[in-house]
Amino acid sequence: MSENIKFKLQEHVPKIILGGLGLIFGVTYLKGKLIECKERGHLNNLRAKKQKEREEKLFALEKKYPSGPESATIVSLPFEVLVSKLQKRELSAQQVLEAYVAKAIAVTRDFNCVTEFVRACFDQAKDLDSLKSPKGPLHGIPICIKEDHDVDGMDTTLDCAGYTGVTGIMASEATTLSAVYRVAVTDATQNEYDPLTVPIPWNAQIFESKRPLRIGYYTSLPVFPAMGDTPDTVLKAKTALEALGHTVVPFEMPDPWRMVSVFATLATADGGNMIYKKLKYDEISRAAEKFKLGRSLLSSLRLKLSSLFIKKLPFSGDPTAQRSEVLWEYLYEQRKIKYEMIDKMKIQKLDLILAPVFPFPATRIEDSDKFFGGVCYTCIYNLLDFPAGVIPFGIETCSKIEPLDDQDDYFLKLAKEGIKSAKGMPIGVQVIGKPFKEEMMMDRTNKKEHEPHDGYQYLEVTVRHGITPNVVFSTVQFSNKV
């Protein structure tokens, strides 16, 4: 009898174990879902609360600082004129701040681009006006700060301020950038506030040099071929530079596939853990969903299945880099690639490189999350840590789309179809310099800046000034100097 019971128990042991494991899995899954629902609910409530507070603040500021002829005149002043008027006390810091706040509110009503205003700025403007003399060369100039930077008492997007690297500056005119950077690096001002930046002084000799430059160029990368009018826009910029006396020669990137692979691997070396933890319960766009892929069984299966039908994207990275010894290999590879690029520029005696910014100017918004691979044109210079900037120089006509060979590639087909919606949109070209040679891209000039398509002189100014007006699409990367 006892042997019979023992036999039956042995017969049911696997079922009991499987049942127990299933119960544990089910309880764990339900617990995770309950936590997820709780966190999502908390974030949704917090988001609604913050949005309500934001709208109330915007409405109050809109009422307090209405846009009018006086504020419109102030925001239309060229940078150098605004600086002069603030220095001479013809305008007060409060007047300028209030004018720009009014303009920012009007713009954010259309584009939802301002998260909130820095509360301390109004008191700071008042303090500046109480001084007997201007505090410095940029006295009273208002600025905007990207919300991933830490500001005392303000929320920081994703709490990722420590991952932003060296802050880059963008402005509506190239001359503004050269003026601001001159102030930032003179007397190691930036290094005083950020000891991680290199305290190299402003190089006036390079900045004031008028010698013709030798520039390399390429019109496309095989990782994601440029299409439409983008390649021709680079060639037009090449012609413009040659007309100004510069020498422009073809430049072949040393293995862009390898560069993109190393970038993607280093960007996801933690397996996406940090970003996943920040995003896993949040409401995110479809483009940001890529950062969560592979973090669950279902998403892993989805990736595997999709790879059977669609060519693998070049931004998947190497998951083995989560191991320290593999990560060190990739860090060495990054350094090796940087010197290969520098050596190649030395051999061709190049000062700068001219290139596309993105494969096309724009696509349909519903497809935008599928073209992350297009950042291969800019992420390479993040990997290399080369200074780079963007200028608008062409217009998409949609006249060169049909002849494009899409190679029966899903993403190229989708881009080829989507680019038809971009007719009339501006196309940017990218100008890249060597590390610590920002001044070469910021030649001093007092010439009036032209509109993006008003002659060749515009390109002359913007090439020498680096990051430039009216950025169409850019990933701005500065070397550790500024």
> Quick check, is THR239 within 21 Å of GLY433 (Cα to Cα), among the polar types (S, T, N, Q), free of Cβ contacts under 8 Å to residues at least 24 places away in the same chain and in the same structural domain as ILE380 (by TED's automatic domain parsing)?
Replying inline: yes
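Does GLU417 satisfy the criteria of being assigned to a helix (DSSP H, G or I) and farther than 20 Å from ALA264 by Cα?
Numbers: assigned to a helix (DSSP H, G or I): yes; farther than 20 Å from ALA264 by Cα: yes.
Criteria met by GLU417.
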> Out of all the residues in region 259-277, which are more than 19 Å from the chain's Cα centre (by Cα), touching a residue at least 24 places away in the same chain (Cβ under 8 Å) and crowded, with 16+ Cβ neighbours inside 10 Å?
Replying inline: ALA269
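With the condition kept exactly as written, say whether any residue in region 346-356 is in contact with a Phe, Trp or Tyr (Cβ under 8 Å, 6 or more places away or on another chain) and surrounded by fewer than 17 Cβ atoms within 10 Å (Cβ to Cβ). I'd like the intermediate steps shown before the answer.
Residues of region 346-356 in contact with a Phe, Trp or Tyr (Cβ under 8 Å, 6 or more places away or on another chain): 348, 350, 353-356.
Filter again for surrounded by fewer than 17 Cβ atoms within 10 Å (Cβ to Cβ), leaving 348.
Within region 346-356, one or more residues are in contact with a Phe, Trp or Tyr (Cβ under 8 Å, 6 or more places away or on another chain) and surrounded by fewer than 17 Cβ atoms within 10 Å (Cβ to Cβ).
What tally of residues in region 419-469 results from selecting those that are small (Gly, Ala, Ser), over 19 Å from the mean Cα position of the chain (by Cα) and at pLDDT 85 or above? So that I can check it myself, show each step before the final result.
Here is the first cut: in region 419-469, the residues small (Gly, Ala, Ser) are 421-422, 424, 428, 433, 455, 466.
Add one more test, that the residue is over 19 Å from the mean Cα position of the chain (by Cα), and what stays is 421-422, 424, 455.
From what's left, at pLDDT 85 or above: 421-422, 424.
Residues that pass the stated criteria total 3.
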> Quick check, is THR378 closer than 27 Å to GLU396 by Cα, at pLDDT 75 or above and either under 23 Å from the mean Cα position of the chain (by Cα) or surrounded by fewer than 17 Cβ atoms within 10 Å (Cβ to Cβ) (or both)?
Replying inline: yes
> So how many residues does region 165-178 have that are assigned to a loop (DSSP other than H, G, I, E, B) and either modelled with pLDDT of 65 or more or surrounded by 14 or more Cβ atoms within 10 Å (Cβ to Cβ) (or both)?
Replying inline: 8
> Given region 197-295, what helices (runs of 4 or more DSSP H) lie entirely inside it while holding 2 or more residues that are more than 24 Å from ILE35 (Cβ to Cβ) and modelled with pLDDT under 90?
Replying inline: 204-208, 256-267
> Could you count how many residues in region 109-156 are surrounded by 15 or more Cβ atoms within 10 Å (Cβ to Cβ), outside any loop (DSSP other than H, G, I, E, B) and under 28 Å from the mean Cα position of the chain (by Cα)?
Replying inline: 1
>> Looking at region 403-410, can you tell me whether even one residue there is assigned by TED's automatic domain parsing to the domain that holds SER285, in a helix (DSSP H, G or I) and closer than 26 Å to ARG286 by Cα?
In response: yes
>> Being charged (D, E, K, R) and exposed (fewer than 14 other Cβ atoms within 10 Å of the Cβ) narrows it down to one residue among LYS38, LYS103; which is it?
In response: LYS38
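Residues GLU55, GLU80: which one is in contact with a Ser or Thr (Cβ under 8 Å, 6 or more places away or on another chain) and surrounded by fewer than 16 Cβ atoms within 10 Å (Cβ to Cβ)?
Being in contact with a Ser or Thr (Cβ under 8 Å, 6 or more places away or on another chain) and surrounded by fewer than 16 Cβ atoms within 10 Å (Cβ to Cβ) holds for just one of GLU55, GLU80, which is GLU80.
The values are calculated or read from the model by the stated rules, or taken from the named source; none is laboratory data. Remember, predicted model here, so these are calculated numbers, not experimental data. Methodologically, a virtual Cβ is constructed for each residue, glycine included, from the backbone with ideal geometry; neighbour enumeration extends over all protein chains shown.
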